[in-house]
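Every number here is computed from the coordinates shown, using simple stated rules; none is lab data. This one's a predicted model, so the numbers in the text were calculated from it and none came from an experiment. Cβ coordinates were reconstructed from backbone atoms using ideal geometry, including for glycine residues, and neighbour counts include every protein chain displayed.
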Ligand SMILES: [Zn+2]
């Protein structure tokens, strides 16, 4: 058996599953699942959530701001925090890893590739990843949703908007668009007067029911979108899975982690692409025939996927 990090062996495997035929000779579409984490966006210059929490959150405790309770208590403060996170994500560019996955989605038959991402940074959509093959497990900084979404009865409002890259979203959030994080601990400490309260009427507003809009991310204490999870389960269970790419994530968080087990049960070969994929811990859960490539997803994905996507234009 070829070693786990043999690129030529991976290419052979990829060619085999993308040119397979059914018993009657008709082409058999491959079934490829990907799970992406912060490591995919690291090469774009975005701080990873787990790797350097302080860098991403500017030492502010996310539990104070990334919760429904915080938003209910002071939507203006939470919006300031998210306006700055939107700004940071917009200040960087998708990398070759995002483009390679988007190219994979375009180069296999529709429905053959499902890409699950834990990232909320909007970089996959900005790399033109076809939306039908992308599932944002934790939502997106660039999605907006009416606060009436969770309400029942007459107060329910189903308004939501995906991939709105407008900056600033409204005049009251313009400071974040200038690169100032008004909620950062250092900024708070340096300020002589308390941060001015933003009235609800000056925050992003639902065009349908005039309620407040909120960032379309999954907050601490919130569930992932149930329908999305159902759809993913359905896709995994529908047939044999040929390949699962685990990219830039240690996959320790549920439900992301369980997809690896489910894909394996569905017959998938697992290929891990991660900085520490070839470390002792990284190799621990490897089955015979699985692949592990230690390195940056931005460097590795274009090379690994080349038999299907060709050479990426740089
Ligand atoms: Zn509404």
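Below is a table of values for the structure above.
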{"read-out": "For the chain: relative contact order, % (alpha-carbon pairs under 8 angstrom, 6 or more apart)", "value": "26"}
{"read-out": "The range 104-182: relative contact order as a whole-number percent, Cα under 8 Å and 6+ apart", "value": "21"}
{"read-out": "Mean projected area (nm²) of the alpha-carbon convex hull when the range 150-201 is viewed from all directions", "value": "5.7"}
{"read-out": "Least to most buried among 140, 296 (fewest other Cβ within 10 Å first)", "value": "296, 140"}
{"read-out": "Euclidean distance between Cα centres, the range 84-139 to the range 294-311, Å", "value": "15"}
{"read-out": "Translational D in µm²/s for the range 197-275 (Stokes-Einstein at 20 °C, 1.002 mPa s, Kirkwood Rh from C-alpha pairs)", "value": "136"}
{"read-out": "Pair-distance profile P(r), taking every C-alpha pair of the range 148-283, with 10 angstrom steps and integer %", "value": "9, 24, 24, 24, 16, 3, 0"}
{"read-out": "Antiparallel bridge percentage (DSSP; both residues within the chain; nearest 5)", "value": "25"}
{"read-out": "Shape category assigned to the range 53-173 from the gyration tensor of Cα positions, a/c cut at 1.5", "value": "oblate"}
{"read-out": "DSSP-defined beta bridges in the range 167-314 - what % are antiparallel, rounded to 5", "value": "10"}
{"read-out": "Computed label-point distance, nm, for sites residue 11 and residue 200 using a 7 Å Cα→Cβ extension", "value": "6.0"}
{"read-out": "Acute angle (nearest 10 degrees) that the helix 256-265 long axis makes with the longest principal axis of the chain, alpha-carbon atoms", "value": "20"}
{"read-out": "For the chain, average projected area of the Cα convex hull in nm²", "value": "18.2"}
{"read-out": "Tilt relative to the chain, helix 226-237 - C-alpha long axis, 0 to 90 degrees, to 10", "value": "0"}
